[in-house]
Structure formats: C-alpha cells, structure tokens
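None of the figures in this text is laboratory data; all of them are computed from the coordinates on show. Here the structure is a predicted model, which means the values were calculated and not measured. When we count neighbours, we look across all protein chains shown, and the Cβ atoms used for this are built from the backbone with ideal geometry, even at glycine.
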Amino acid sequence: MLAVWAVAAAALDESPCVSWRQTAGCSPTGAREPSFDAPCGSLVARGASGFCECRFGRGAAVDCDHPPFTCEESCAQLERDIQRRREARRDDDDAPFDADGSLAKLYTRGKGFYVMGNTELALRHFREALKLDPEHKQCKAEYKQAKKLAKLLEKIEQVMGKDVEGKGRQKALEREEQYEEARELLASALELLPPSVYRASLYRDLCICNTKTRRPEDALKVCKQHQNHDGSIASKLLLGEALLLNSEFEESVNVYREAVALDSHSQEARDGLEKAEKLLKRSKEVDYYNLLNVSRGATARELKRAYHKLAVEYHPDKNPDDREAAETRFKAVAQAYEVLSDEDLRKKYDAGEDVTGNPGDQQQQQQGGHWMHHGGQHVHVHFQ
C-alpha cells in the first residue's frame, strides 16, 4: 500500500529517531517495505503500517488505522519514558536502607521487587535483611529462590540469543540442540514457581522450544498455559501450531480463526489458518503419519523402525492369501516413508503442500524390487 507523506520539520542533530520503517498488510509485523521508509520528520499518514526505529529501541508500532504522527515525536516520547524509568531505578538504588528495627521492612520490600520482576533489587534487599538476621528462614528461602531464578534467566537469555553457525543439516542440528538446552533451562525455571510476571514469557519460550523439538503433548500443554497468562494474538498463533503438531486440525483452525478475528491484517494468522485448513482437508484423505502408526513428532529412527515393521507385515510374499491387498498396503507404506524420511518433503507435507509425484517415485521404479531410495542410501527389508 502506498503511503502519503507530508514532510515536516527537519530532524535535530541529536535526534532519538532513526527512521520510519514501513510494513505490508496493514500490520506492524508484516513483511518489510523498505522502499516506503521515511525520514523521522515525515508525517505518517493514516493507511500506512509499520514502526518507528529509535536509537533506544522500537517506538510506535501501528496498523493502518491510526491518527497521523511523526517518528520524531514517538521516539522522543520513548526516550523520555526510558529516562524516567532509569531515574526511578537510580533513586531506588541510591536510597539508603533503613535498618532501624526494619528486618520485616527489608524482607517485604525484597518480596515486592521480586513479584514485580526486579530480581536485582530483590536480591539486594534480601541480602541486607539477612545481615540483620542470617537465620531468617523465610528470607533465606526467598533469597535462594530469587538467586536461582536470576541465574537461570541469565543462562536462558544467553542460549536463546546465541547465533548458530554452520549450514544446512548441520545448522538444523545445532539449532535443535539449542532449543533442547533452552527447554531444560526453562523447565527448571518454572519448577521454582516464579511470580506471575515471569511466567508468561517462560511459558512462551518453553512452548516454542517444545514445538521446535517436536514434542506434541508437552508443546500443547505449555502453549495452553501460555495462553492462560497471555491472551494476545501471539499466544494464539503458538497454540495453533502446537495443535497442528498434535494433529488436532479442527481445533487449530478454530484458534487461527480467532487470531484472524483479533487482527485481520496479520499475515502469520492468515498463513496459519490456510495451513490448518489444508491439513484438515488432507486428514480426511490419507495421513502418512497414521499410515505408519507414528506421531507427527516422530524422529527419523522411529519412522525407520515403523516402516520396517509394516513393510515386513505387508510384504506380498508374506501374504499369499491376499497378495493384491497386501501389495497395495505395502506400496502405501513405502510412499509414506519415502516422504516422511526426506527432510524437505516432510516439511512440505507438514505445511499441507502436495508432495505426490515427486522424483523419488521414479527412482524407486528404476531400482526394481522393494528397495527405497533415501538420502543417498538404499533401505531394504530383510526377511527371516
């Protein structure tokens, strides 16, 4: 969508603003449209979606329905808000502790900061309280828990923000290891029963990790818990993906429809709904996962084991009384395994794309017999 710009005053030399960044689809999270970016002093007219990039972070993030504004104003307001928060924290840090018979006061303040999500100040107050009474049971317990949580949060941030090197399969494996490591840390953090201010983000990240590592039941459980703490469109998108992983296609369609209703311009919501509807339609036809009797989160080893078991069971030579039906079933099992054992084909299949008539069919026919060509290797069923 073309934006209408009215150029305002030139930006100041020390402007807190970098630029207006335009996006498509009337959504601030839509695809970027760099050709429509504009200077900070330009008036962002109604009908343009995007966000203000400021020196201290992201300013106004808007869809198409908004009053006109400039990023100069938005970023200046963001800078003022950040400065006020810094001054408030500085006042808290510089404020002397009143230890005049106030062990209870220090402990109460520490708990207050902990509940508000400021572990640094919480730990400081707990430490000062323990100086007055090193054996204060409640304070020792709170201090120990807050310290554990602070360390876990730091580790989680390091792991989730770590760049993954390598290419192709190697990069995918490293990324999976990263999600697995983060998953264990997040689970440990939640076991501490942290204040609710932490839980929404912890459940969100654990929901993502469980989905990425293809843990259907864990993903669904945690994604539902995340939505209980955060009813935003983002939580619905994560829940919709977890439902797909559990083959609950109808429920996934309903959740994505709710997301689209919340933000009809969200490309992620529309794409998710389209994918869920495709998978729902296909589930009423042939489901390769059901054909192999495995879950959608099955590993490569589980797929191979299931394939070999069924290939032996339905091999025509093992079913002389009903050879034709067995051969039909055998070919279906082979086709299911060929698709799901190939990473690229499996991704397409999971996305609801048509994977029939792929080159592997011709390769199989050229090989003869009941060999399966996969990943540069031949898989053969041995009978005893």
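The table below lists the values:
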read-out	value
Distance in nm between pseudo-label sites at L192 and D271 (7 Å out along the Cβ direction from Cα)	3.4
Radius 12 Å from Cβ of E248, net charge of other residues (Lys, Arg +1; Asp, Glu -1)	-2
Net length gained if the chain between D133 and K278 were fully extended (0.36 nm per residue, minus Cα distance)	45.8 nm
Cross-link table K144/K224; K275/K347; K212/K304, entries beyond 24 Å C-alpha to C-alpha	K144/K224
Using a Förster distance of 35 Å, the FRET efficiency for A261-E154 (Cβ separation, nearest 0.05)	0.35
Amide hydrogen neighbours beyond the local backbone of T70, cut-off 5 Å, H modeled	V44
Simple Cβ-charge dipole of the stretch 109-265, Lys/Arg +1 and Asp/Glu -1, about Cα centre, in debye nearest 20	600
Principal axis dimensions, largest first and in whole angstrom, of the stretch 183-341 by Cα	65, 37, 19
Whole-Å distance, taken between Cα centres, linking the stretch 285-336 and the stretch 13-55	53
